[in-house]
Amino acid sequence: MAEILTIDHVGHRGDGVALDAAQSIYVPYALAGETVEVEGVPGNHPDRRRLLRVERASAERITPFCPHFGVCGGCAIQHWNTASYQAWKRNIVIETLAQAKITCEVAPLLDAHGAGRRRMTLHARMGTHDVLKVGFAAAGSHDIVPVDRCPILDPALDGALKAAWAIAEPLISVGKPLDIQATATRNGLDIDVRGSGALPTAMITTLSRVAEKHRLARLTRHGELVLMRSAPEIPIGKAKVALPPGSFLQATVAGEETLAALVRDHCGRAKHIADLFCGVGPFALRLAEKARVAALDSDAGAVGALQKAAQGTSGLKPLNAEARDLFRRPLMPQELRDFDAVVFDPPRQGAQAQATQLAASKVPVIVAVSCNAATFARDAKILIDGGYRIDVVTPVDQFRHTPHVELVARFRR
């Protein structure tokens, strides 16, 4: 049954929010001040509606640039003008900090979309009538939206969609859904396939031919090598890092460079720095150009790649990389005493255990990098309660058109 709603504001997930006496109602793709016609959504979702029609549009509404917008679930916002969208994204950080009773300066949002996303995950599923679908998950469901192009991708990912279709066609006959992760590297596409199960020799041969035809740098299955034409590498500062299969990277080159520049500036003249949750070294390798660095992460493959890159790069200060689970074994205050700066960049769940030990330490400068404002606020409160004062928080937008926002903050004793 259709109903008419007036949208009050845009929520933190990018949905328009209508207010009534009972509850907030969430309407994807609606903007503040709009009058919209909506209907209920299937399932037990009493607080959600599907947009049918915009009766009275906001002056801030613009035409989305992608024909799949509203069907594909990859982007939440392409229908809002740039200034309003950026103000909203910065305000996510402001409001989240305020809810945690953290008072500090929030700098203007830095756009770090750059050339676009350099990594993506495509899904391959067999649809009705045995029709193969390769694309992104649909908005609000597990359906697959087949795509032949995506305008938010870095041009270096050109060819990834065709390669994914070619990989999926023989593999989907195994009968299992597939996830196909593609990363743009300096010497070609690095593709890792998940979900196929063990492969017979004939299938490996078939996939090797696909990899050769599409000139992939490397093709792996669950991290196991199928074919490598050349080791996938990315530049980080002065170094070249050979990526382990399926490695985590910042979504855009501009995003990595922007975050790294903020981290470097916040570390100032520190001479001995710990880089916690270091990954393949986007901060550590750059910081090592001027300071000694201890880099730690639970991902042994990433740590090994970082250490090898550091050893093969001239002009760096000593850099020691160590595999360590900082959730189970955070660095303790006595282990932190020799550092004059600590950088930590945890996954979305934050680093509560490590933040607790940092709060008990005497490290003069702590630089926090986060992709989740809520868990950042929780960890920041631990540091503040431990005697640190927070300087400025800088939001960074490398996930343009989504609610996701990165941020960098500095804490001082």
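The values are calculated or read from the model by the stated rules, or taken from the named source; none is laboratory data. Please read these numbers as outputs of a predicted model, since none were measured by experiment. No Cβ is skipped: glycine too gets one built from the backbone with ideal geometry, and neighbour counts run over all protein chains shown. Note: accessible area is taken over every heavy atom of the protein model, side chains too, but ligands, DNA and RNA are not part of it. Shrake-Rupley method; radii C 1.70, N 1.55, O 1.52, S 1.80 Å.
Of all residues in segment 1-44, which are small (G, A, S) and under 17 Å from A87 (Cβ atoms)?
Those that are small (G, A, S) and under 17 Å from A87 (Cβ atoms): G11, G14, G16, A32, G33.
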- Identify the residue in segment 376-386 that is among the aliphatic types (A, V, I, L, M) and open to solvent by 10 Å² or more (accessible area, probe 1.4 Å) and, among all such residues, is farthest from F411 (Cα to Cα). I382
- Message: Looking only at segment 267-282, how many residues end up being open to solvent by less than 10 Å² (accessible area, probe 1.4 Å) and more than 19 Å from E257 (Cβ to Cβ)?
- Response: 2
- Query: So, of the residues in segment 387-397 that are modelled with pLDDT of 95 or more and open to solvent by 30 Å² or more (accessible area, probe 1.4 Å), which turns out to be nearest to M332 (Cα to Cα)?
  - Reply: G387
- Answer yes if at least one residue in segment 98-110 is among the polar types (S, T, N, Q), part of a helix (DSSP H, G or I) and touching a residue at least 60 places away in the same chain (Cβ under 8 Å), and no otherwise. yes
- Report, by residue number, each residue of segment 350-375 that is open to solvent by 10 Å² or more (accessible area, probe 1.4 Å), part of a helix (DSSP H, G or I) and within 17 Å of L326 (Cβ to Cβ). Q352, A353, T356, Q357, A359, T375
- Query: For segment 300-349, how many residues are closer than 12 Å to C278 by Cβ and either in contact with a Ser or Thr (Cβ under 8 Å, 6 or more places away or on another chain) or assigned to a strand (DSSP E or B) (or both)?
  - Reply: 14
- Could you tell me which numbered condition E39 fails, if it satisfies all but one of (1) part of a loop (DSSP other than H, G, I, E, B); (2) closer than 22 Å to S141 by Cβ? (1)
- Query: Does segment 160-181 include one or more residues that are touching a residue at least 40 places away in the same chain (Cβ under 8 Å), assigned to a helix (DSSP H, G or I), surrounded by fewer than 16 Cβ atoms within 10 Å (Cβ to Cβ) and out of contact with any helix residue (DSSP H, G or I) (no Cβ under 7 Å at 6 or more places or on another chain)?
  - Reply: yes
- Message: Pairs please, first residue from segment 310-331 and basic (K, R), second anywhere and open to solvent by less than 20 Å² (accessible area, probe 1.4 Å) and in a loop (DSSP other than H, G, I, E, B), Cβ atoms under 7 Å, 6+ apart in sequence or on different chains.
- Response: K317/A288; K317/A291
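Hey, does segment 2-11 have a residue that's closer than 30 Å to A409 by Cα and open to solvent by less than 50 Å² (accessible area, probe 1.4 Å)? Steps first, please.
Step one: filter segment 2-11 for residues closer than 30 Å to A409 by Cα, giving 9-11.
Now drop any that are not open to solvent by less than 50 Å² (accessible area, probe 1.4 Å), which leaves 10-11.
Within segment 2-11 (the criterion being closer than 30 Å to A409 by Cα and open to solvent by less than 50 Å² (accessible area, probe 1.4 Å)), the answer is yes, since at least one residue qualifies.
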- Within the bounds of segment 301-315, is there any residue that is more than 21 Å from L243 (Cα to Cα), open to solvent by 40 Å² or more (accessible area, probe 1.4 Å) and of a type outside the set (S, T, N, Q)? yes
- Message: List pairs: first residue in segment 191-219 and under 18 Å from Q181 (Cα atoms), second residue open to solvent by less than 30 Å² (accessible area, probe 1.4 Å) and in a helix (DSSP H, G or I) anywhere in the structure, Cβ distance under 6 angstrom, at least six positions apart or on different chains.
- Response: S196/L171; V210/A166; V210/I167; H214/A163; L219/A211
- Item | Unmet requirement for R400, which otherwise passes all of (1) in contact with a strand residue (DSSP E or B) (Cβ under 8 Å, 6 or more places away or on another chain); (2) open to solvent by less than 10 Å² (accessible area, probe 1.4 Å); (3) within 20 Å of T82 (Cβ to Cβ) | (2)
- Scan A112, A124 and give me the residue that is open to solvent by less than 70 Å² (accessible area, probe 1.4 Å) and farther than 30 Å from R48 by Cα. A112
